[in-house]
Amino acid sequence: MAATIMSSPTRHIPYLDGWRGLAIIAVLISHFKSTQELSWLGEFGVQLFFVLSGFLMGKLLFIKKVPLKDFFVRRLSRVLPTFWLFVMAMALYAAFLQTVRFVVPQGELIATLAFLRNYFPADISIWARTWPIGHLWSLSVEEHSYLFLAAGALLASGLRHRFAGPAFLLVSTGAILAINAYYPAHPPAGATPWFLRSESAAIGLIAAAAYRVTAAATQAPWLRQTSPWLPVLTLVVAIACYSTYAHKELQYTLAPLCLAYSINHLERTPLIIRQLLASRVLQWFGVCSFSLYLWQQPFYYAVGAGAISHPAGLLGAISLGALSFHLFENPVRLYVNRKWAERRARPAVASDTTAV
């Protein structure tokens, strides 16, 4: 019986769910507040998601060396079904229910379903607000980063050198920083802002993976140890970088690096910090965060258009996101993972039977 269950490659850590919960709450506050002063929280929340993904993916792909088939089945079983359901639902919503009707062109729909809307169509920004997909840029960045990290892990395993993985990730982090220094004065062609493109926006994700993998490979005390309050300080510095008073370019350079440091040393922060992150409320928001992030967007646009109030939009976003998680996202994910585990177990069972 145990052979039919695909065990998780990472142990459950409650305060990491809380970190994810903090990220989605920041996005929700940004979208459904009644004033403009907290609009920066949306970009901050997305970066919290990014560095957590890098922290986890770095361990899975470069340290634990999880087989790529297992890695992508787990990632895609959670993302693809709910993502595709959302995109198709929003295309129908835009065509028939949206205040200003919009029939999504076929090319744009395909690009969106394929996580390419950050780039195509080049003449229409993903933030054009023609239909509620403006937030999907971040999901595209995540999926592109998974492919990039998987390719890097494959390359590193082929080189069979202890520092191949860290070198790949550190060089990649440096390259993204160079891109983010170059793009403001020389933006690439296309209507979507340059800082939403994966080669720029993935800085926090890749930096977090680079830090974790480098620390594991070198075992250097100055990378693995820290003062308990230093990760809290770097979190505060990152928040300051996202505030309305800071220079915009700090959001694409210093802030992600600070958050990458914070997430890598979160386990060494004072107990009270981890206890707060592990609270039931933050954990619940963290567990439901993917569905909440997806389904809040039409309510956000409706609030912006004056069709509904801010409290009604927030309540609708949380309610629909929770329903999506409990009735669709989680059941489908568990079903796909179970079927994949059963499929993997069959050859082993057949081999055991033959041996007997």
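The values are calculated or read from the model by the stated rules, or taken from the named source; none is laboratory data. Every value quoted in this text rests on a predicted model; they were computed, and no experiment measured them. Using ideal geometry, Cβ is built from the backbone for each residue, glycine included, and neighbour counts are taken over all protein chains shown. These accessible areas exclude ligands, DNA and RNA; they are computed on the full protein's heavy atoms, side chains included. Shrake-Rupley method; radii C 1.70, N 1.55, O 1.52, S 1.80 Å.
Of note:
- Restricting attention to the chain, lysine pairs at least eight places apart or on different chains and with alpha-carbon atoms under 26 angstrom apart total 6.
- Mean Cα-pair separation over length for segment 121-208, i.e. relative contact order, pairs under 8 Å, 6 or more apart, %: 43 percent
- Share of carbon and sulfur in the accessible heavy-atom surface of the chain [1.4 Å probe, %]: 68 percent
- Net charge of Cβ neighbours under 9 Å - reference T82; Lys, Arg +1; Asp, Glu -1: +1
- Per residue accessible area of the chain, 1.4 Å probe, in Å²: 48 Å²
- Between L159 and D70, residue separation times 0.36 nm minus the direct Cα-Cα distance comes to 29.9 nm.
- A simple spin-label model places pseudo-atoms 7 Å from Cα toward Cβ; at S319 and V100 they are separated by 2.7 nm.
- Span-like helix criteria (full DSSP H runs; alpha carbon extent of at least 30 Å along the helix axis; mean Kyte-Doolittle hydropathy of at least -1.0) are satisfied in the chain by 68-96, 136-159, 330-355.
- The overall shape of segment 16-80, judged from the alpha-carbon gyration tensor, is prolate: a/c is not under 1.5, and a/b is greater than b/c.
- Take the Cβ atoms of V332 and R129, set R0 to 45 Å, and the FRET efficiency comes out at 0.95.
- Net charge of the neighbourhood of N180, taken over other residues with C-beta under 15 Å away and scored Lys/Arg +1, Asp/Glu -1, is -1.
- Structure-based [θ]222 nm, the chain - -39500 (n - 2.57) summed over DSSP H runs of at least 4, per residue, nearest 500: -21500 deg cm²/dmol
- Gyration tensor (alpha-carbon) shape descriptor, segment 221-349, a/c threshold 1.5: oblate
- Computed from the Cα positions only, the extents of the chain along the three principal axes stand at 67, 49, 43 Å, in decreasing order.
- The overall shape of segment 55-163 is prolate: from the C-alpha gyration tensor, with semi-axes ordered a ≥ b ≥ c, the ratio a/c is 1.5 or greater and a/b exceeds b/c.
- Local net charge near L277, Cβ-Cβ under 13 Å (Lys/Arg +1, Asp/Glu -1): +1
- Applying the Karplus relation 6.51 cos²θ - 1.76 cosθ + 1.60 with θ = phi - 60° to segment 117-124 yields 3J(HN,Hα) values of 5, 4, 10, 10, x, 5, 8, 10 Hz, where x marks Gly and Pro.
- Cα centroid separation, segment 99-155 to segment 196-245 (Å): 26 Å
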